[in-house]
Amino acid sequence: MFTLRNKAGASLEVNLRPARPGDAPGIIRLIRGQYGENYMPSFYDRDWLAGGIAREALRFFVAELPGASLGGVAGIDTEGHFPGSLILILLLVDKTLRGYGLGKLISPCVLKAASQIPCTCEYAHSLTIETISQSFLETEGFKTTGLILNRYFLDSSAHYVTVTDLPLKTSHLIACYMRDKRDAGILFVPDPYQAFAGEVYRSLGAAYTLAPPRNRNRNAGAADFSCAQVDADRYCEVIVRKTGAGLRESLEALLDTYTAIPQQTFNIFINMNDPGCPRLCAFLEERRFFFTGVQPLSDPNEYLIYHYAPGLADPFDKVAVVPGFGKHLDWMRSLHKS
């Protein structure tokens, strides 16, 4: 049991413990208190959340108040889109209890738990309409590596928003902390983005090798990729693990299907260890996609990110980041406008 005090001297008794499946309704209440209905849809499903906690795919720590209600939560997702990596999620405190230091109490527990789980890297997707979580990640040694733009429709009335000129959709900054994977291998990166990618890997402390131009060939065999369209958010995400036969035709069909939908947006993650990566990037640029950074140290691949938002305003003009993360944002902005 911990006793916390705010600046006025009022005390708060909390018990800090790992979450249990029965905590799912309390965690959902905290999510709604912070994000309304704008967080990832699956996290509002009580059974899905409880199941993830039961099998330790979701590892949360909660601050329990007298009477067993939850005052705060923070956690780790071990089953994200990129196998082998961990994603830090849900550092939330009940808005009526802010000022007691609950977030500072929970955060070290989550980071310690993450450090004991073998993984390629730890990363977080931090909102670019507020900078509170970014400041925490920067303090803990995370490095910014890219942006995932225009992901979910934004509730402009949400109280967590700390910027006044809002985008239509939320975007996320990718922050990464290197763990067990320390060599990114051979990277097939288009020439304009080699300096950016190199800076990312050097900042993380990871080794990498840029492939010479003559080795950038079309991949043989069938392509390996997945695609997820979220109709409610008019958002499509594609992960290309291997280029090859049928990929270009599939992407063209996908674009033909969805680009006519108003406010539809796309993010495509492309394996940089694949020799066909530059050729695919060239095709995407022909279709008006543009580079937004790197998802690094995933197992077993490294990814470039391309974005397309037909009809939407320049997304870089409404992205808020802490000063320490600003260099890469400025770099991506300059690449987009060049």
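Coordinate-derived values only; no laboratory data. In this text, all values refer to a predicted model and were calculated from it rather than measured experimentally. Here the Cβ is made from the backbone with ideal geometry for all residues, glycine too, and neighbour counts use every protein chain on show.
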D (µm²/s, integer) via Stokes-Einstein for the chain, Kirkwood Rh across alpha-carbon pairs, 10 °C, 1.306 mPa s: value 76
Each residue of region 277-282 in turn: what ³J(HN,Hα) in whole Hz from Karplus with 6.51, -1.76, 1.60 and θ = phi - 60°, glycine and Pro shown as x? 4, x, 5, 5, 4, 4
Once you put a point 7 Å from the Cα of Asp183 and another 7 Å from the Cα of Leu168, both along the Cβ direction, what distance in nm separates them? 4.6
Cα centroid distance between region 3-75 and region 283-305, in Å? 34
Relative contact order of the chain (C-alpha contacts under 8 Å, at least 6 apart) in percent is 15
Taking placed amide H atoms and a strict 5 Å upper bound, the residues 5 or more places from Gly146 or on another chain that come that close are Ile174, Val294
Indicate the gyration tensor shape class of region 2-178 (rounded, prolate or oblate), computed on the Cα atoms with a ≥ b ≥ c the square roots of the eigenvalues: a/c under 1.5 is rounded; otherwise a/b larger than b/c is prolate and the rest oblate. rounded
Kindly state, to the nearest 0.05, the FRET efficiency for Asp317 paired with Arg46, given R0 = 35 Å and r defined as their beta-carbon distance. 0.35
Given points 7 Å out from each Cα along the Cα-Cβ axis, report the Lys7 to Arg20 separation in nanometres with one decimal. 3.7
Global form of region 183-337, assessed from the alpha-carbon gyration tensor, a/c cut-off 1.5: oblate
Within straight cross-link reach of Lys181, meaning Cα distance under 22 Å, which lysines are found once same-chain residues fewer than 8 apart are removed? Lys112, Lys143, Lys242
Expressed in nanometres to one decimal, the distance between label points 7 Å along Cα→Cβ at Ile132 and Asp231 is 3.5
Got a sec? Which residues in region 277-313 would a label at Ala245 touch, if it sits 7 Å along Cα→Cβ and we count backbone N under 19 Å? 277, 280
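Sort region 51-99 into rounded, prolate or oblate with this rule: let a ≥ b ≥ c be the square roots of the eigenvalues of the Cα gyration tensor; rounded if a/c is under 1.5, and if a/c is not under 1.5, prolate when a/b is larger than b/c, oblate otherwise.
Oblate, because a/c is 1.5 or more while a/b does not exceed b/c.
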Relative to the present Cα-Cα distance, how much length would full extension add between Glu285 and Lys327 at 0.36 nm per residue of separation? 12.8 nm
Under the Karplus relation with 6.51, -1.76 and 1.60 and θ = phi - 60°, whole-Hz ³J(HN,Hα) for region 51-59, x at Gly and Pro, equal x, x, 5, 4, 9, 6, 6, 10, 10
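Tell me, what is the FRET efficiency for Ile28 and Ala207 to the nearest 0.05, using R0 = 45 angstrom and their Cβ-Cβ distance as r?
0.60
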Mean residue ellipticity (222 nm) of the chain, computed from DSSP H runs ≥ 4 via -39,500 (n - 2.57), nearest 500: -8000 deg cm²/dmol
For region 26-38, just list the computed ³J(HN,Hα) in residue order, Karplus coefficients 6.51, -1.76 and 1.60, θ = phi - 60°, integers in Hz, with x standing in for Gly and Pro. x, 5, 4, 4, 5, 4, 5, x, 9, 10, x, 9, 9
If amide H atoms are modeled at 1.01 Å from N in the peptide plane, then the residues at a separation of 5 or more from Tyr303, or on another chain, having amide H under 5 Å from its own are Met272, Gln295, Leu297, Ser298
